[in-house]
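Asker: Would you mind keeping the following structure in view while I ask a few things?
Quick note: the coordinates plus some simple rules give every number you see, no bench work behind them. Please read these numbers as outputs of a predicted model, since none were measured by experiment. With ideal geometry, Cβ positions are generated from the backbone for all residues, glycine too; neighbour counts draw on all protein chains shown.
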Amino acid sequence: MNAFRLAGDMTHLLSVVVLLLKIHTIKSCAGISLKTQELYALVFAARYLDLFIHFISLYNTVMKLVFLASSFSIVWYMRRHKIVRRTYDKDHDTFRHHFLVLPCLALALLINERFTFREVMWAFSIYLEAVAILPQLVLLQRTRNIDNLTGQYVFFLGAYRVLYILNWIYRYFTEPHFVHWISWVAGIVQTLLYADFFYYYIMSWKNNVKLELPA
Amino acid sequence: ETSGLGHDEL
């Protein structure tokens, strides 16, 4: 495992920690899109089907379990926890996220690395992850006061994919057979969706002003 | 590299 991949995994983990900190400690999910969180739970469930079949490393297994458990528990908190769910900004979280699922599934059936159940589900999870942030970005645009933890959460989530791209470039040159067009193209699309957010996030940090996205 | 199409990333 190279440094980019490890750094990518760590920022991904950090984003989850930041979000859990907000939900678990502050008991608030204000500014967080339940739609995006539901899509992530689906992404991990579809991608980690091989969890108990295909052992890669202890690190890999533990991380998969962490992402599965955290994504489902975040959805549970936002839907069921009696204090947290009251802070959910339902009126602004209106993205029709169900309409992302079917096209991603259709694309996975058409474009996959092998036409098997697990490979189609893997491709589906890659496509869905690329667009899963959309409801969250829409909600951020509609949120007047984006708190620091929410901004950091989205920033780390975006940074994770940037680092993964560097990891793929590194692996492409060091592992001759490492070619995964599906994850590369989807990963680049996913990263581009963050471009706008990154710009405003860095500007707000540089100028030391509160993060706000133009509507 | 892992056997088949084993995806070793998260």
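Asker: Of the conditions (1) part of a helix (DSSP H, G or I); (2) more than 20 Å from the chain's Cα centre (by Cα), residue A:129 fails just one. Which one is it?
Answerer: Evaluating residue A:129 over (1) part of a helix (DSSP H, G or I); (2) more than 20 Å from the chain's Cα centre (by Cα) leaves (2) as the failure.
Asker: I've got another one for you. Within the bounds of the stretch A:167-180, is there any residue that is farther than 13 Å from residue A:137 by Cβ, out of contact with any Phe, Trp or Tyr (no Cβ under 6 Å at 6 or more places or on another chain) and buried (at least 21 other Cβ atoms within 10 Å of the Cβ)?
Answerer: no
Asker: Still on this structure: Could you please give the count of residues in the stretch A:96-120 that are buried (at least 19 other Cβ atoms within 10 Å of the Cβ) and away from chain B (no Cβ under 11 Å)?
Answerer: Result for the stretch A:96-120: 5.
Asker: So which residues in the stretch A:139-178 are of a type in the set (Phe, Trp, Tyr), in a helix (DSSP H, G or I) and either farther than 30 Å from residue A:87 by Cβ or within 14 Å of chain B (Cβ to nearest Cβ) (or both)?
Answerer: Listed by number, the residues that qualify are A:160, A:164, A:168, A:170, A:172, A:173.
Asker: For the stretch A:43-93, give me the residue count where each residue is crowded, with 21+ Cβ neighbours inside 10 Å, away from every other protein chain (no Cβ under 14 Å) and within 17 Å of the chain's Cα centre (by Cα).
Answerer: 3
Asker: State all residues of the stretch A:181-212 that are within 14 Å of chain B (Cβ to nearest Cβ) and farther than 13 Å from residue A:137 by Cα; if no residue qualifies, say none.
Answerer: Selection gives A:181, A:182, A:183, A:184, A:186, A:187.
Asker: Under 8 Å between Cβ atoms, at least 6 apart or on separate chains: pull out the pairs that start in the stretch A:35-55 with a residue that is free of Cβ contacts under 8 Å to residues at least 40 places away in the same chain and end on any residue that is among the charged types (D, E, K, R).
Answerer: A:48/A:64; A:51/A:64
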